[in-house]
Amino acid sequence: MPSRVEVSLVNYQDSVDAQAVVALLNEYASEPAGGAEPLTSEVKERLVREMAERPHLFSVLAWADEGDTRKAVGLINCVEGFSTFLARPLVNIHDVVVSASHRQRGIAQAMFDFVEREAVRRGACKLTLEVLTGNTSARHLYEKQGFAPYALDPAWGEAMMWQKKI
């Protein structure tokens, strides 16, 4: 169990942070909930450089101190959007990963707390995320954090996230 966990904003220009982002996102992508396909070499090469060029993106890393070593054990990638109904920014939590070896230790909670503080600092009116219906552990975590499906009018039903690849 890590003796101490620190959560911080990612500095995309820092090579240690950049390597941690790629490694953790690759870990997530390789798991069934992430599609069970590791990132391609091309994506690994471009990922952090492309993220750094987009000021509406931010990421947080969780670092665990374990004896003499410091290891990146959690990552959340966020995309700032905009609520037209409230004329304020919103923050979409796009990727959430905690290394398998460090789950059930409060790391996700610490990262969510950090993201919420950052969203408030940016003037955001809400946090959003998407989750696969079969990912029950993630759904329980998100419910514990206060997330829930939403409907503008119950007669119209709950919102759904769809995609169209281009």
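Contact annotation: residue pairs with Cβ atoms under 6 Å, 6 or more positions apart or on different chains, pairing a residue in segment 10-39 that is under 13 Å from Asp95 (Cα atoms) with a partner that is among the charged types (D, E, K, R) and surrounded by 13 or more Cβ atoms within 10 Å (Cβ to Cβ), are Val22/Lys44.
Report whether or not Val98 is surrounded by 15 or more Cβ atoms within 10 Å (Cβ to Cβ), in contact with a helix residue (DSSP H, G or I) (Cβ under 6 Å, 6 or more places away or on another chain), closer than 28 Å to Met160 by Cα and not basic (Lys, Arg). So Val98 passes the test. Could you check, for segment 26-41, whether at least one of its residues is surrounded by fewer than 17 Cβ atoms within 10 Å (Cβ to Cβ), in contact with an Asp or Glu (Cβ under 8 Å, 6 or more places away or on another chain), more than 26 Å from Asn135 (Cα to Cα) and at pLDDT 95 or above? Taking every residue of segment 26-41 in turn, none turns out to be surrounded by fewer than 17 Cβ atoms within 10 Å (Cβ to Cβ), in contact with an Asp or Glu (Cβ under 8 Å, 6 or more places away or on another chain), more than 26 Å from Asn135 (Cα to Cα) and at pLDDT 95 or above.
The values are calculated or read from the model by the stated rules, or taken from the named source; none is laboratory data. Nothing here was measured: the structure is a model prediction, and the numbers come from that model. As a convention, Cβ positions derive from the backbone with ideal geometry for all residues, glycine included, and neighbour counts pool all protein chains shown.
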